[in-house]
Structures are given as structure tokens and as C-alpha cells.
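I have placed the structure first, in the form of C-alpha cells, so that the comments after it can refer back to it.
The values are calculated or read from the model by the stated rules, or taken from the named source; none is laboratory data. Please read these numbers as outputs of a predicted model, since none were measured by experiment. Don't worry about glycine lacking a Cβ; one is built from the backbone with ideal geometry, like all the others, and counts go over all protein chains shown.
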Amino acid sequence: MRRYDLVIFDFDGTLADSLTWFRTAMTEVIDRHGLKPLCEERAEALRGMRPKEIMTELGIPAWKLPFIAADVRARAAENVDKIHLFEGIAPALHELHASGVKLALVSSNGETAVREVLGPELSSLFSQFSCGAALFGKASVFRKVMRKAHATPDRTLSVGDETRDIEAAREAGCDCAAVSWGFATRDALEREAADLLLDSPAMLGSLSASQPVLARGA
């Protein structure tokens, strides 16, 4: 018997290497929205911070966050050719799907951009796309996805690359796996004590096992 019936994936930093592209667009985003200038050293330091700490560091008031998110979504849609899946993601998704696990995707990015980066074949593996989610509203989206998939929290796993993904999973009552190849540093993810910590896309395939051989901090 497999451990999970449903696996909910984040997109940016989890399936796709959006960070490499975003670094090239960061200066324009900062200038447009009047944020504090960001050198390479400060940008790297953000990866070890919690979301609210990042907002404080960049001088982002809460009211401005939706506008910045919308701007980044629009830029991503215009630059999908510069955003690519991490190596090993495609076979891992195929393996999970073949095992009978339902796959869903919840992202603050736009669905058009997400589907284009995934391509038709990989997109067809997902039973649900819930895109354009608020940066701090994923927990409620997780609950809706679980209800639609007829999955219970104890049989659902969320996979993401940021500490807010872990927080959302905790709030929704499902297990959470954190990937160390995305935005947040491994130390930051360990601090939040995700149920599973994955160090390579190839490890995603074992999530279909009854007892995933993936210990936190392994």
C-alpha cells in the first residue's frame, strides 16, 4: 500500500529553476516597485530567511505584495523560454503517476506559464492546477485540492522549496516534503523541520512507496 494518495507540488524552485531567470529580472522589479537595492550578497542571504523577514529586508509593505506578485507572474509568462525544469523532474513525475498517486500543482505563478514550461506530456500527469495562488494563501488552496481529489490530509503530501510551503502544509494538516535545490537553503528548511527533506529530484520517485526511504535531514 502506498503512503500517499495525493502529492501537491509547488512549481517555482521545486519543479522549475525559476530562480536563475528571476535573478536577471530582479533589478527591474526592485526599481519598478521602489524596493531597497539588492546586491548579490544580500540576495543570497534572503534564501536563509523566513518570508516575513524577507519582506522586512526588502522594505515590502503587505499592501504592495499582490502587485509585485502580479508583476512577477506577468514577467514569467513573457519569459517561459528562459525557465526550465530541473534535471530529473520528468522521470520522477512519470514514476509517481505510474504508481497511482494523484498529482496536483499549486503555484503563485500563472497556469499558462506553468503548463508551457511543463509541456503537454507532463501537464497531462496532473489532475489539478491551482495557479495564481496568493503567496500566503496556500493552506486554503491545499484544502480545496484535497477535497476535489477526495484525499484526506493524512494521505496527502505537499512538496515545496520554501519555508512558507512547510507552514501551509502544517496549517492544512498534511505532510510536507522540502526540496533543497530551490530557493530556501537547506539550513532554513531543516530549521522548519519538514517531514521529509529531499536533496535530489530523483528522490521524488520514492514518495510512492509505503514507507518512503527519506528521513528528515538525511
Failed item in (1) in contact (Cβ under 8 Å) with a residue 40 or more places away in the chain; (2) touching a strand residue (DSSP E or B) at 6+ places or on another chain (Cβ under 9 Å); (3) in a helix (DSSP H, G or I), with residue 119 passing the rest: (1)
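Take residue 36 and tell me if it is more than 19 Å from the chain's Cα centre (by Cα), assigned to a helix (DSSP H, G or I) and farther than 25 Å from residue 172 by Cα.
Working: more than 19 Å from the chain's Cα centre (by Cα): yes; assigned to a helix (DSSP H, G or I): no; farther than 25 Å from residue 172 by Cα: yes.
No.
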Inspect all residues belonging to the stretch 56-77 and state whether any of them is in contact (Cβ under 8 Å) with a residue 60 or more places away in the chain and exposed (fewer than 15 other Cβ atoms within 10 Å of the Cβ). yes
For residue 11, work out the one condition from (1) assigned by TED's automatic domain parsing to the domain that holds residue 177; (2) more than 20 Å from residue 181 (Cβ to Cβ); (3) in contact with a helix residue (DSSP H, G or I) (Cβ under 6 Å, 6 or more places away or on another chain) it doesn't fulfil. (2)
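Can residue 46 be described as in a helix (DSSP H, G or I) and out of contact with any Phe, Trp or Tyr (no Cβ under 8 Å at 6 or more places or on another chain)? Reasoning before the result, please.
Details: in a helix (DSSP H, G or I): yes; out of contact with any Phe, Trp or Tyr (no Cβ under 8 Å at 6 or more places or on another chain): yes.
When the stated conditions are applied, residue 46 passes them.
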Only one residue in 95, 111, 87, 121 is in contact with a Pro (Cβ under 8 Å, 6 or more places away or on another chain) and not hydroxyl-bearing (Ser, Thr, Tyr). Which one? 87
Of the residues in the stretch 1-33, those that are exposed (fewer than 15 other Cβ atoms within 10 Å of the Cβ), over 21 Å from the mean Cα position of the chain (by Cα) and either in a helix (DSSP H, G or I) or modelled with pLDDT of 80 or more (or both) come to 27, 28, 31, 32
Look at residue 165 and say whether it is in a helix (DSSP H, G or I), surrounded by fewer than 16 Cβ atoms within 10 Å (Cβ to Cβ), modelled with pLDDT under 95 and among the charged types (D, E, K, R). no
Taking only the stretch 124-148 into account, find how many residues are surrounded by fewer than 16 Cβ atoms within 10 Å (Cβ to Cβ), of a type in the set (Gly, Ala, Ser) and part of a helix (DSSP H, G or I). 1
Check on residue 95, assigned to a helix (DSSP H, G or I), among the acidic types (Asp, Glu) and touching a Gly at 6+ places or on another chain (Cβ under 7 Å): yes
